[in-house]
Amino acid sequence: MNKQGSLMRKIVHFSKKQNWFLTEPDLDLLNQQIAEIEGDGWNIISVQSNCNFAGVVSSYTLLIEHEAESAI
């Protein structure tokens, strides 16, 4: 039986703010969550900022992937 890895990809949306009156996401918390994701064996493929109509960053979208083993 041969084992071949397949990639599993997910999109993660991050928009948590430090305080309710701040408009930009909490970058310290985002960095902590990225470290946790990488610690779980996921690879960060890309991080994209998302802006509101005023041009202020309101959230981030992360593309992550993990190699899952499957038996063939």
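Relative to the longest principal axis of the Cα atoms of the chain, helix 27-39 runs at roughly 10 degrees.
Counted by Cβ distance under 11 Å from Ser15, the other residues give a net charge of 0, where Lys and Arg count +1 and Asp and Glu count -1.
The phi-based Karplus calculation (6.51 cos²θ - 1.76 cosθ + 1.60; θ = phi - 60°) puts the 3J(HN,Hα) values of the range 6-21 at 10, 8, 10, 10, 9, 10, 10, 9, 10, 9, 5, 10, 5, 9, 5, 8 Hz, whole numbers, x for Gly and Pro. Neighbours of Asn31 by Cβ distance under 13 Å: Lys/Arg scored +1, Asp/Glu scored -1, total -3.
No value in this document is a laboratory result; all are computed from the given coordinates. All values reported here derive from a predicted model rather than from experimental measurement. Please note: Cβ atoms are built from the backbone with ideal geometry, for glycine as well, and neighbour counts cover all protein chains shown.
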